[in-house]
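Since the structure comes first, as structure tokens, the remarks are kept for the end.
The values are calculated or read from the model by the stated rules, or taken from the named source; none is laboratory data. Note that this is a predicted model, so its numbers are computed, not measured. Counting neighbours? That spans all protein chains shown, and the Cβs are built from the backbone with ideal geometry, glycine included. Heads up: the accessible areas ignore ligands, DNA and RNA and are worked out on the full protein's heavy atoms, side chains in. Shrake-Rupley method; radii C 1.70, N 1.55, O 1.52, S 1.80 Å.
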Amino acid sequence: MILRIKNINIVLFFTIILIITSCGTANYVGENRSLLDGNDISFVDEDNINEKNNLQFELNSFITQEPNSNFFWLIPREWFYYKNADPGDTSWFNNWVRNSLGERPVYFDANRASETADAMEQFLQNRKGYYNADVNYVENKKRHKTKVTYAITAGKQYKINSINYIGEDPNVVKIIDDISGESLIDVGDPLNAANFDLEKTRIVNELQNRGFANFLPNYLDIKGDSTNNNHTVDVFFQVYAPLPDSIHKQYTIGDINIFTDFYANQDSSTLISEEIGENGFLRQSKDYIVRPSLINSKIFLNEGDLLARDNHIKTFRKLSNLGTYRFVQMESNVDSEVDSIINYNIYLTPHEHAWITDVGFEVNFSSVASQTQRQLFGLAASGLLTNRNFLGGSEQNTFSLSNGYELNLDSLSLSTFSINANNNLTIPKHIDFLGVTKGLKSLGMLSDSRYDNFKTETTTNFNLGYNLTDILDFYKINQFNASVSYNYQPTQTTRFIIRQTAFVLNSYDLESRFLQTFGDNQLIINSFEDNLSTGYLFNEFNFIYNSIPKRNGFSYSLLGSFEASGWETYFANKLYNGLSGNDSVWKFSDRIAFAKYLRSEVDLRLYKSYGKEQSLAFRFNAGIATPFSDQQVVPFIKQFSVGGPTSMRAWDQKELGPGSYLELSQPENGLFFQQGDIKLEINAEYRFDILWLMEGALFTDIGNVWTLEKDELRPGSNFTSRFYEQLAVGAGWGIRWDFTYFHLRFDFGYRIRDPYPDEEGGHWYSWKDIRSQGFGNFQAAINYPF
């Protein structure tokens, strides 16, 4: 049977599968029942609908019956259930197929469809302002299956005619009226209960930030009057008094006491107490574990100020972020003498041990069915040692060390060797040691509020490291780096990493085999020249934004970076030459030049989930790097490449490009070195659950890299206006295992289009050529590619 199927047209084969399984389910359904085939929502008066897509998504949430899914889009899962649900099907295999591959059949239920229609109707009337909405359901039955259509006649949506603030507490009513300019609703807006909920939350939060700590949402009611008969509503925000009082109490901050080494059942009478700044500090140990000045800088509650909810939350967050402490508790109490004053006790419980360690091992195997036919076995070990209170100010100092080897199993020889040592010191505050941030504020480039926010939400990182990468018999890179950077996170979704000062020394040793392969290409050789990358006042800027997923399952991430090396040295050199009349080019030493380049990259990722079992993921990645001044090429380690497990998966790392260039001679060690100054890549994935921990994926990758300048030894490598003709296209499938904390990923990529023409001038692979690739280019990795 298997041999014959190989010769059957694939469409005919799938058709036979569908007929067999479909007829199989029909035999089990019975005469008085019908399988649910799907649900649809239809708007009869579509012109009356505001934001149709969002409304349809919200209405879908009221549907309580969903049809059965298909296994690999072909076989109905209820078929597996039926085939293994006979009285004698009690073996473990029957149970596994029935519960893992199969699904309990979902039969159409008229009562539940009616309840869904009623719920939709009430939602439209009570939450969306369609006061005259009418919802009915229609059964569309074919053979043993029924599809349900919910027909919605919405009617005209009511809008806001006026907004009024009334109530029993005139002080609170006046404040609400004063802040109405920031309202999230306005006259003329369609009625939408979700927007009213947001506006109510905004008002409550604002009042709690003005000392009304006990003002809760139940003290604010929203009413409407639609008696004007013109499809508009007069909206009233009603403020209620807190019984038995007639007004809401406004609180100020009183005493703040901080217990710096608190533990359960601690005898407070034995503690050493002193006042530092405006706060009281109590400790049991001889010395403070963390300097009081640092703790004070993380407390945004000041005696005499109005109690503000946001400052309370911010204080708790900043204290909790101090790695020295395991627990943070904030206790507020009304003062015993003045009932409008709130006193605070802050309890800080430190970790039992300041030092922590971590050790890891990694093993990987790669058997690539591509032009190289290489088999590699990799082994790596890593460890880190962290002190959570390195200098007594909750500084975190981490020293890490890793070592890796890669063996070529075909020749039983060592292919690559690497070692990395790094020390990073994170200080939980902003240290403006060169005065750059204060200077930007003085020049008006930073507002006072943004400057204050930057100071409170920034940590400072000092980094020192060494990396060695040895591609045996090819080249060796020694890298020494030192930098000072700032991690600024103004919101939950937004993060900036600013590397202000950095020095990176790159030293290359080129072996004879590398020179034999690339020695005639001066551009490649120049990219391996020893260099010092510098940044005194600015070196690199990184932006990271992760959106909060919307109710319709859509979310996105945006990552951007800009790096400038050697620009201060360049301008200082130009100024010196202008004053002295010389025409010299500064170098760090006779053999080490200052690296002068600009590099920028953007990475946009879009995600759309369809329930818990399916999702789409999309990525657009582009970058450009250019040298300036006397430099002819960007350093090798700063160029772009594509291919590998997270990029163009039908190709190996650095195998593709640049442009339409094809390297005809394959490297003996199976490693490629094709890189470029410009990168453009688009990726798309459809991800879906298969069973248990197993997930599947279908993907496509489009992209390439190019050089900025023509390379005579690599024809077609440079970027032109016809770059789109040099885009490579790959596609494939993948199997992933979801272990909750990480995904184990196996992807199989197939080449669909080459960036270079074949002997007949074509770029696209035929179906026969695609099948000849077998299982494609195998890529194994941890977690999703994007």
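Values as computed for the structure displayed
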read-out: Whichever residue in the stretch 613-631 is among the polar types (S, T, N, Q) and not in a loop (DSSP other than H, G, I, E, B) and, among such residues, is surrounded by the fewest Cβ atoms within 10 Å (Cβ to Cβ); value: Gln614
read-out: Where a residue in the stretch 571-597 is modelled with pLDDT of 95 or more and charged (D, E, K, R) and its partner, wherever it lies, is assigned to a helix (DSSP H, G or I) and open to solvent by less than 20 Å² (accessible area, probe 1.4 Å), with Cβ under 9 Å and at least six apart; value: Lys596/Thr569
read-out: Lone unmet requirement of (1) touching a Lys or Arg at 6+ places or on another chain (Cβ under 7 Å); (2) among the hydrophobic types (A, V, I, L, M, F, W, C); (3) assigned to a loop (DSSP other than H, G, I, E, B) for Phe262; value: (1)
read-out: Neighbours by Cβ (under 6 Å, 6+ apart or cross-chain): first from the stretch 260-283, under 16 Å from Gln329 (Cβ atoms); second open to solvent by less than 50 Å² (accessible area, probe 1.4 Å) and among the basic types (Lys, Arg); value: Thr260/Arg283; Asp261/Arg283
read-out: Of the criteria (1) within 13 Å of Tyr344 (Cα to Cα); (2) in contact with a strand residue (DSSP E or B) (Cβ under 6 Å, 6 or more places away or on another chain); (3) not charged (D, E, K, R), which one Ile299 fails; value: (2)
read-out: Test: residue in the stretch 128-138 that is aliphatic (A, V, I, L, M), surrounded by 18 or more Cβ atoms within 10 Å (Cβ to Cβ) and closer than 25 Å to Glu613 by Cα; value: no
read-out: Long-range neighbours under 7 Å by Cβ, at least six apart or interchain, first residue part of a loop (DSSP other than H, G, I, E, B) within the stretch 527-549, second open to solvent by 50 Å² or more (accessible area, probe 1.4 Å); value: Phe528/Leu510; Asp530/Arg591; Leu537/Leu434; Asn539/Arg499; Ser547/Tyr556
read-out: Criterion (more than 35 Å from the chain's Cα centre (by Cα) and either modelled with pLDDT under 95 or not aliphatic (A, V, I, L, M) (or both)) met by exactly one of Ala85, Ala119; value: Ala85
read-out: Among (1) at pLDDT below 90; (2) part of a loop (DSSP other than H, G, I, E, B); (3) not polar (S, T, N, Q), the one test that Phe775 misses; value: (1)
read-out: Among residues of the stretch 553-572, those that are under 16 Å from Lys638 (Cβ atoms) and open to solvent by less than 40 Å² (accessible area, probe 1.4 Å), counted; value: 5
read-out: Hits in the stretch 501-516 (condition: surrounded by 19 or more Cβ atoms within 10 Å (Cβ to Cβ), assigned to a strand (DSSP E or B) and in contact with a Phe, Trp or Tyr (Cβ under 6 Å, 6 or more places away or on another chain)); value: Tyr508
read-out: Residue that is in contact with a Phe, Trp or Tyr (Cβ under 8 Å, 6 or more places away or on another chain) and over 21 Å from Tyr686 (Cα atoms), where the choices are Glu563, Glu613; value: Glu563
read-out: Set Gly519, Gly535: member being over 15 Å from the mean Cα position of the chain (by Cα), open to solvent by 20 Å² or more (accessible area, probe 1.4 Å), farther than 17 Å from Arg495 by Cα and of a type in the set (Gly, Ala, Ser); value: Gly519
read-out: Pairs where the first residue, in the stretch 486-507, is small (Gly, Ala, Ser) and the second is not in a strand (DSSP E or B), C-beta under 6 Å, 6+ apart; value: Ala502/Asn539; Ser507/Asp530
read-out: Selection count where residues are touching a residue at least 12 places away in the same chain (Cβ under 8 Å) and not in a loop (DSSP other than H, G, I, E, B), scope the stretch 756-768; value: 1
read-out: Test: residue in the stretch 325-336 that is under 23 Å from Glu395 (Cβ atoms), at pLDDT 95 or above, open to solvent by less than 20 Å² (accessible area, probe 1.4 Å) and in a loop (DSSP other than H, G, I, E, B); value: no
read-out: Flag if Ala650 is assigned to a strand (DSSP E or B) and either crowded, with 22+ Cβ neighbours inside 10 Å or modelled with pLDDT of 90 or more (or both); value: no
read-out: Which listed residue, of Ala119, Ala151, is of a type in the set (Gly, Ala, Ser), surrounded by fewer than 18 Cβ atoms within 10 Å (Cβ to Cβ) and not in a helix (DSSP H, G or I); value: Ala151
read-out: So Arg98, is it open to solvent by 30 Å² or more (accessible area, probe 1.4 Å) and assigned to a loop (DSSP other than H, G, I, E, B); value: no
read-out: Close pairs from the stretch 508-525: first closer than 17 Å to Ile477 by Cα, partner in a loop (DSSP other than H, G, I, E, B) and open to solvent by 70 Å² or more (accessible area, probe 1.4 Å), Cβ under 8 Å, at least 6 apart; value: Tyr508/Glu529; Glu511/Asp473; Ser512/Asp473; Arg513/Asp473; Arg513/Glu668; Phe514/Asp473
read-out: The stretch 354-376 - residue that is crowded, with 16+ Cβ neighbours inside 10 Å and assigned to a strand (DSSP E or B) and, of those, modelled with the lowest pLDDT; value: Ser366
read-out: Filter result for the condition that a residue is closer than 28 Å to Val172 by Cβ, β-branched (Val, Ile, Thr) and modelled with pLDDT of 90 or more, over Thr270, Thr252, Thr227; value: Thr252
read-out: Residue match in the stretch 714-723 (condition: part of a helix (DSSP H, G or I) and surrounded by fewer than 20 Cβ atoms within 10 Å (Cβ to Cβ)); value: yes
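Yes/no per residue for (1) open to solvent by 50 Å² or more (accessible area, probe 1.4 Å); (2) assigned to a loop (DSSP other than H, G, I, E, B); (3) without any contact (Cβ under 8 Å) to a residue 40 or more places away in the chain; (4) not aromatic (Phe, Trp, Tyr):
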site	(1), (2), (3), (4)
Asp197	yes, no, yes, yes
Val204	no, no, yes, yes
Arg210	yes, yes, no, yes
Gly224	yes, no, yes, yes
Thr227	yes, yes, yes, yes
Phe236	yes, no, no, no
Ala241	no, yes, no, yes
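Okay, residues lined up against (1) within 20 Å of Ala502 (Cα to Cα); (2) open to solvent by less than 80 Å² (accessible area, probe 1.4 Å); (3) aliphatic (A, V, I, L, M):
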{"position": "Asn542", "(1), (2), (3)": "yes, yes, no"}
{"position": "Arg551", "(1), (2), (3)": "no, no, no"}
{"position": "Tyr576", "(1), (2), (3)": "no, no, no"}
{"position": "Leu579", "(1), (2), (3)": "no, no, yes"}
{"position": "Ala595", "(1), (2), (3)": "yes, yes, yes"}
{"position": "Leu604", "(1), (2), (3)": "no, yes, yes"}
{"position": "Tyr607", "(1), (2), (3)": "no, yes, no"}
{"position": "Gly611", "(1), (2), (3)": "no, yes, no"}
